[in-house]
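Structure, as structure tokens:
Please treat every number below as a calculation from the coordinates, not as lab data. These numbers come from a predicted model, not from an experiment. Please note: Cβ atoms are built from the backbone with ideal geometry, for glycine as well, and neighbour counts cover all protein chains shown.
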Amino acid sequence: MLPISKNLAATLKEKPKDESKLGFGAIFTDHMFMCDYETEKGWHNARIAPYAPLQLDPACAVLHYSQSVFEGLKCYRREDGGLQLFRVKDNFKRMNHSALRLGMPELDIESFTQGLIELLRVEQDWVPHQPGTSLYIRPTLIATDSKLSVHASHSYLFYIILSPVGAYYKGGLAPNDIYIEDEYVRAVRGGIGETKAGANYAASLLAGIVAGDKGYAQVLWLDGVERRYIEEVGAMNILFVYEGKKVVTPKLSGSILPGITRDSVLKLAKHFGYEVAEERMDVNQVLDDIKSGKITESFGSGTAAVISPVKSFAFKGKDYQVGDGGIGPISQKLYDTLTGIQYGRLEDPMGWIVKV
């Protein structure tokens, strides 16, 4: 375990008074956790310091060659006022996978988990109280060498920032219309699609703009080789329910991010007795199954929304409504159960919760 020093801010920010207007990722707490890495020294100088801008050289490697990975998770306030995290070690394990794929050093998981917990204890008053709100956690790792030659950096900065966020759904789950993208691709097998790297998100933005201009909430991505097999939806994993009995999601292929919410959904669905499958899913067959009524529900899964129901898909000028266009019973049940576990309203049968 790395020793963690603390340098607390002399002046604290005023916390938001109206938690119904928090939004997402626009307000940040007073402090951040930071740690440095150098090839010769390894991880060192773990610290909690006041939240402040980073000072980077214009030649900083992350600005030119995009060695940057991150994670996203939340801290939840229980009804008794206590705080808890959901599958925090799995987030750090996935971050290690992302880092290694980009030639970056592995994290010291135990030290950084403890660093996060210490940071949350310092910032506990920032965790909002209203139902559905939480404290969003953004661990980030960036390359910091100041040298323009193309190379894996020899120095890095790891940091964690915190942001109080509002309830994603204020009036119940809201089904979305999804545009199936058949021109642009997000990632290819053998690339970095299975990592949570900043470059993946940069590659997705233009298609999202195009879909938004057409009136759609998100893009459904197809594989980058044949443009035929379903991969992700927006920044989430996608799942389908067949005849109210079977939950199916695209098989991890190397270009799909292995979502922690995705994995949680599959485990809970199996726990409830539903059949669960990870398969290669042909978009044309899926649309036929929607049209015939075999697919009764579809939803995205991710940290921000947990479950995001799909109302319809648009592909090559045609719209395909899923079920009755509303929220399906399995989608609702999975959402209620996952959020119930996360906020401590329901028992955790999987051992996912870590109390702060």
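Brief remarks follow.
- For the stretch 4-165, a/c is not less than 1.5, where a ≥ b ≥ c are the root eigenvalues of the C-alpha gyration tensor, and a/b tops b/c. That puts it in the prolate class.
- Here the translational diffusion coefficient of the stretch 24-71 follows from Stokes-Einstein with Rh set to the Kirkwood radius across Cα pairs; for 20 °C and 1.002 mPa s it amounts to 162 µm²/s.
- Members of Lys245/Lys270; Lys13/Lys74; Lys21/Lys311 lying beyond 18 Å, as alpha-carbon distances in this model show: Lys13/Lys74; Lys21/Lys311
- Peptide ranges 150-158, 42-50, 14-22 listed from the most packed, as the mean C-beta count within 10 angstrom indicates: 150-158, 42-50, 14-22
- The stretch 112-235 shape via C-alpha gyration tensor axes, a/c threshold 1.5: oblate
- Cα long-axis angle, helix 329-342 against the chain (0 to 90 degrees, to the nearest 10): 20 degrees
- Sites Leu8 and His64, calculated FRET efficiency, Cβ-Cβ separation with R0 56 Å, nearest 0.05: 0.95
- Value of Rg/Rh across the stretch 176-342 [Cα atoms, Kirkwood radius]: 0.93
- Mean separation of Cα pairs under 8 Å and 6 or more residues apart, divided by the residue count, gives the chain a relative contact order of 18 percent.
- Distant-in-sequence amide H partners of Arg78 (H built 1.01 Å from N, under 5 Å): Leu83, Gln84
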